[in-house]
Amino acid sequence: MSPTLEASGIHKYFGGVKAVQGVSLTLGGGRIVGLIGPNGSGKSTLLNVLAGVEKPTKGTVTVDGRRVDRWPAHRMVGLGIAKTHQIPKPFLAMTGRENVAVAMMYGRRREAEPAAALEESLRILALVGLEGRADTPASNLSVQQRKRLEFARALATGASLLLLDEIFAGLSPEELRDAISLFTRVQKELGFGALVVEHVMQAVMTLSDHVVVIEEGRKIAEGSPKEVVENPAVIEAYLGTEATDAAP
Amino acid sequence: MLRLDGIHAGYDGTQVLRDVTLTAEEGATTVLIGPNGAGKSTTLKVVNGLVRPTRGHVVFRGDDITRMPAHARPDKGIAACPEGRRLFPLLTTEGNLRLGAYTKRARSSADETLAYVYELFPRLRERARVKAGRLSGGEQQMVGIGRALMSKPSILVLDEPSLGLAPKLVSEIFVKIRKLREAGLTVLMVEQNAYAALRIADFGYVMQNGHVVKSGPPAELLDLEDLRKTYFAIP
Amino acid sequence: MKLPKLPVYGPSLWGLGGSLLLLGGVAPWIPVFPLIILVNLLIFAALAYSLNLITGLTGYVNFGHVVFMAVGAYSLGYSVETLRWHPLGGVALGALTALVVSLGIGAVTLRFRGVYFAIASLVTPLAGLNIVLVLPALDDGQGIVLNPAFEPLSWFYTIWIIIAAEVGLTYWITHGRLGYGIRAIKSDEDAAKSLGVNAPHLKLFLFALSGLFAGAAGGVYAWTTSGVFPYAAFDLTFSLLMLAMIVIGGMGTLLGPMIGAVIVNLLSRFFLAIFIGTQFIIIGLVVIVIALFIPEGIVGTLRKYVPELRRILE
């Protein structure tokens, strides 16, 4: 049921800035793929291209063999691919329940009855621990709660492939632990695949089945979490050139 | 010269810094390294006054400047070169540099300081009339540092000067930063590129998760295995 | 056999619908002069409801709404004068032509957001005016003078049908699934798209509907004033008056456009009688006051601050 997304030779240029230069990767099948790289390496841009928010300058994106690189974001949702935003974007005037209900009505499920959607929303909110805030306007939610709401909404679209943009950022050590276990629990229950773009190494390393490392828009390594952090190119990207000279 | 004592700070309900304590000694180059999201930039923002700490103190030359507004700090002698430089793209190189001598104190000796900056970065003299938006990444970084120097600071605060620069340029810039130290300038620098930074540092702090986890002279911090573990959160 | 449950409609709909039905029932007995005033009021209410469908619901401020009205007016003028149609046919043609024009304009302008859309929309009446001025089929901007029969009751029932349709449609849209999609777009268009809301389609749909009804109302307007003249038809002031109506009444609400139309119409008539031109100053002042103190308009503000009214007023 989970779609296979294949990105091939993706280039994305903004004027003279080459944000992504020839990156290929494959997502799907309930796998969690981590995407890491130093600041400004092009991770978010790549995620936006996969989500349909940006069109690639060059390269193709296919889902189960079908070319979707020119598809807008809302059409990608229909294929079961949904993204979250780095800075959560809740519908501030609506309650938590209503926010999730929008996702149910316009996501893959296309729930026609608002009443039914509002009812079902409670179940999804409970999954992320926000059932107590179901009828609070989103404007009254804390940053952490908004992040959870963002996650709940993406889930509610019925997506089987999630593109998560720095969902673990800005959490205290305790909050991070909770967030990681929440993610694991929900993923086990719903079985979605995900691309996790992150700076927070704990999260990526713990959750990923596979990790891709990007630097200056290019893929410099990929493999299991362990393989990746022992890769000299990756170490160099993060710690500097001299680091590899000093390596044993 | 500059001391941060037990700083707690954050944005919008998210706490980023937890009990950060560090000192930048006069005349020394102090670096702050660590993985992304560790709070390095936030620490600098506290120093520059862009973020108000919820707890703790910022002491500069004996004065408590914790509550001092950001715009008053350059006059005190704290000059910043922010992440990504933030130059004015439509102004020329010289225009950007001269703008750095905004405060009264600096304005009187602007020409003199400008000469010094051009001596430090000869490339900028050549590109003096070029609009800053057309400069290369390395040149822009030079202008960023030069602009900060124009305010005749006592301490130069640099946020990720290596960002977006090719390795060769990084070495070049860092050599110049080292030169500043020889002129007696105090430098506080945040860098993700740990090795390049430690090479020119007198003292270093390693941050992780909003907290200082290790500190000491560069030799002590240059443990690859240790740094690897910190950066990649390997337990 | 179980009877199907009757759908529950809101009190506002009942109230508005009931009032309209009542009016429709007593219309034949209303004296001519008040009837004409009533027709004029209803035309403006119809225009307000049409603008409400796009600006009220999505927040995309359409300064060019008068174009649809003008297209409707010209369609009626042309069809009655040249094609010798019955005015009702003219009104229908007005609706249809305005629909086509709105699809054309919307396909281009709705790509822009916020201020840029507003500015683009400002250009359309100017463009429309200049096009009409050089069209030979429309006498190169001489205007069209009609000699229809004086039939206030026909005018009344035509505009009555238009308003009833608008009210019903507004209710239906805001209460169903579409209502959520629209609110999502208004709140955060990008976030809405990332959840599967086809924002371009939805915006165009509303824009086209707004054009359709404004065209119909414009046709009726030309019918009642027996003529269409280019500078008057494309007058931006109409757009501003319509915006004033929905701002005062409450953007995006069901009752707002009607309340706004009544207030603006009353103020217009009152101050027009005192000194021509003052009505605009007064209406402008009212809009400023509303924008500063109660930006949600009358209905919106009442809903916000008086919880008991929330279930009744919409």
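List of remarks:
- On Cα atoms only, tilt of A:114-127 relative to the major axis of chain A in degrees: 50 degrees
- Here the Kirkwood formula puts the hydrodynamic radius of segment A:81-158 at 11.8 Å, using every distinct Cα pair.
- Rg over Rh for chain A works out to 0.98, using Cα positions for both radii and the Kirkwood form for Rh.
- Share of alpha-carbon pairs per 10 Å distance bin for segment B:122-235, given as whole %: 12, 41, 32, 12, 3, 0
- This ranking places B:Lys104, A:Lys147, B:Lys179, B:Lys214 by how few other beta-carbon atoms lie within 10 Å of each, fewest first, which gives B:Lys104, B:Lys179, B:Lys214, A:Lys147.
- Dimensionless Rg over Rh [segment C:146-294; C-alpha; Kirkwood]: 1.02
- In degrees, nearest ten, helix B:110-120 long axis to first principal axis of chain B (Cα): 70 degrees
- Pairs of Cα atoms farther than 26 Å apart, chain B, %: 35 percent
- A protection proxy built from the mean count of other Cβ atoms within 10 Å ranks the segments B:88-100, C:108-120, C:91-103, C:218-230, most packed first, as C:218-230, C:91-103, B:88-100, C:108-120.
- For A:173-179, mean number of other protein chain Cβ atoms within 10 Å: 1
- Each part reduced to its alpha carbon centroid, segment A:62-104 and segment B:155-221 end up 41 Å apart.
- Across segment B:1-106, Cα pairs under 8 Å and at least six residues apart give a relative contact order of 25 percent.
- Angle in degrees between helix B:167-182 and the longest Cα principal axis of chain B, rounded to the nearest 10: 90 degrees
- Sequence of C:Leu42, A:Leu92, C:Leu285, C:Leu16 once ranked by neighbouring C-beta atoms within 10 Å, starting from the fewest: C:Leu285, A:Leu92, C:Leu16, C:Leu42
- Contact order for chain C, expressed relative to its length and based on alpha carbon pairs under 8 Å spaced 6+ residues apart, stands at 30 percent.
- Relative to the compact-globule estimate of 2.2 N^0.38 Å, the Cα radius of gyration of chain C comes out at 0.99.
- Within the shell of other residues whose beta carbon sits under 13 angstrom from the beta carbon of B:Ile173, the net charge comes to +3, with Lys and Arg scored +1 and Asp and Glu -1.
- If you model the protein assembly as shown as an ellipsoid using its alpha carbon gyration tensor, with each semi-axis the square root of five times an eigenvalue, the axes come out at 60, 32, 25 Å, biggest first.
- In terms of surrounding Cβ atoms within a 10 Å radius of their Cβ, C:Ile276, C:Ile312 rank from fewest to most as C:Ile276, C:Ile312.
- Principal axis dimensions, largest first and in whole angstrom, of segment B:83-152 by Cα: 30, 21, 20
- Dividing the convex hull volume of the alpha-carbon atoms in segment C:1-86 by its residue count gives 207 Å³ per residue.
- Counting only DSSP H runs of at least 4 residues, each contributing -39500 (n - 2.57), and dividing by the residue count of chain B, the helix-based mean residue ellipticity at 222 nm comes to -10000 deg cm²/dmol.
- Partner chain coverage, peptide A:205-212 - average Cβ within 10 angstrom: 1
- Per residue of peptide A:104-113, the mean number of Cβ atoms on other chains within 10 Å of the residue Cβ is 4.
- Considering only alpha-carbon pairs that sit under 8 angstrom and 6 or more positions apart, the relative contact order computed for segment B:83-152 is 55 percent.
- Hull volume in cubic angstrom per residue (convex hull over the Cα atoms of segment C:39-82): 67 Å³
Computed from the coordinates by the stated procedures, all read-outs in this text should not be read as laboratory data. In this text, all values refer to a predicted model and were calculated from it rather than measured experimentally. Here the Cβ is made from the backbone with ideal geometry for all residues, glycine too, and neighbour counts use every protein chain on show.
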